[in-house]
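The values are calculated or read from the model by the stated rules, or taken from the named source; none is laboratory data. Everything quoted here is computed from the prediction, not taken from an experiment. Quick reminder, even Gly has a Cβ in these numbers, built from the backbone with ideal geometry, and neighbours come from all protein chains shown.
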Amino acid sequence: MPETFSAASAVELAVVERSGFVESRHSGAAIVLGPDGDVLERLGEVTAPILPRSSLKPLQALACVSAGAALEGERLCLATASHAGTDRHVSVVRDILDQARLGEEALGCPPAWPTDTATRDELVRERAEPARIRMNCSGKHAAMLLACVVNGWDVTTYLDPRHPLQVHIREVVERLTGESVAATAVDGCGAPVHAVSLFGLARAVHRIGTSSARSPFALHRQAGVLVDTVRAHPWAIDGPGRADTVAIERLGVFAKGGAEGVMVMVAPGGTTVALKMLDGSGRATTAVAVRLLEKAGALPPAAVAEAMAHVPLAAAGAAIRPAF
């Protein structure tokens, strides 16, 4: 059975302190690539396969665009997003579905409540029900459906790994990571998610994060547009006060977290981090990623300290400290 790296090959990446007492420890693996793509630092086993979960979304969104889905601005951001389900997010997802001339019932993701607390509370007061369009992956699914419509592909089976869209996504993943997919699983939203190494994931995100919107090569040009667009609309990729949005707003990075403790982040100069917490917790991923970029000289310490003061990290009275 395919599996990720073991506890023996992980390293301690962060600790949680309470009143000076180390209460919890997070172990995992991380890799840092410099602006030119050279490896600057390895922590733990970075060549074993991982499931990137939503950190794969930039690659999936690019595959949809390269397949012909004409997405720009906030619509492109939502294709890459793990959004909080606010009315503003939902409005953009509906725009993508309208572009495809499809209704919400075409979405293959499960119904869900918004992760934005205020929006969820308002819906509860209105006696609303969980909805597919509120699910944090609905933008990705809408983009997949649009790509299918443009190409005349079946929209009812678009989540099947053998579907032409999913075959194309896998090809883009392998092209950008520079490695073969180690395994394919079903993500929490129902879409295929491909296992690659942290090294491969870092390589792919570095290629995306350092691409230019003026590149003569279509995929790199599309990647450059995607990154520029996310940095211009950070609210869209996550939500108000949420980790990815805060990091992008305050540090100018390109950041995309994934379930089970995965994070990818690219500094404005191109330095790139990819990491996974072995215990699956995401509470320390942003802190570790920005500190690794700071350590590499890619982010100024004062800016990092100011940004991290606005990222929700741990329970009341506790603080997260990188262990390196």
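Conditions (1) at pLDDT below 95; (2) acidic (Asp, Glu); (3) under 13 Å from the mean Cα position of the chain (by Cα); (4) within 25 Å of Ser19 (Cβ to Cβ), marked per residue:
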| position | (1), (2), (3), (4) |
| --- | --- |
| Arg250 | no, no, no, no |
| Lys256 | no, no, yes, no |
| Val262 | no, no, yes, no |
| Thr286 | no, no, yes, yes |
| Leu299 | no, no, no, no |
| Pro312 | yes, no, no, yes |
Problem - The one condition in (1) surrounded by fewer than 23 Cβ atoms within 10 Å (Cβ to Cβ); (2) over 15 Å from the mean Cα position of the chain (by Cα) that Arg203 fails to fulfil - result: (2)
Exercise for the section: Select, from Ala202, Ala236, Ala289, Ala255, the only residue that is closer than 24 Å to Pro49 by Cβ and touching a helix residue (DSSP H, G or I) at 6+ places or on another chain (Cβ under 6 Å). Expected result: Ala255
Completion exercise
Residues of the range 178-205 being touching a strand residue (DSSP E or B) at 6+ places or on another chain (Cβ under 7 Å), assigned to a helix (DSSP H, G or I) and more than 21 Å from Asp228 (Cα to Cα), in sequence order, are Leu198, Phe199
Practice task
Just need a number here: residues in the range 121-168 that are in a helix (DSSP H, G or I) and more than 16 Å from Glu105 (Cα to Cα).
Solution key: 13
Fill in the blank from the handout: A careful count of residues in the range 241-271 that are of a type in the set (Asp, Glu), crowded, with 22+ Cβ neighbours inside 10 Å and in a loop (DSSP other than H, G, I, E, B) gives 0
Practice task
Answer yes if at least one residue in the range 206-220 is over 30 Å from Glu3 (Cβ atoms), in contact (Cβ under 8 Å) with a residue 60 or more places away in the chain and part of a helix (DSSP H, G or I), and no otherwise.
Solution key: yes
Completion exercise
By my count, helices (runs of 4 or more DSSP H) wholly in the range 1-111 with at least 1 residues that are free of Cβ contacts under 8 Å to residues at least 12 places away in the same chain and either of a type in the set (D, E, K, R) or surrounded by 24 or more Cβ atoms within 10 Å (Cβ to Cβ) (or both) are 87-100
Handout entry: Those residues of the range 229-259 which are more than 18 Å from Leu59 (Cα to Cα) and among the acidic types (Asp, Glu), in sequence order
Key = Glu249
Exercise for the section: For the range 184-196, indicate whether the set of residues that are touching a Pro at 6+ places or on another chain (Cβ under 6 Å), free of Cβ contacts under 8 Å to residues at least 60 places away in the same chain, among the polar types (S, T, N, Q) and surrounded by fewer than 22 Cβ atoms within 10 Å (Cβ to Cβ) is non-empty. Expected result: yes
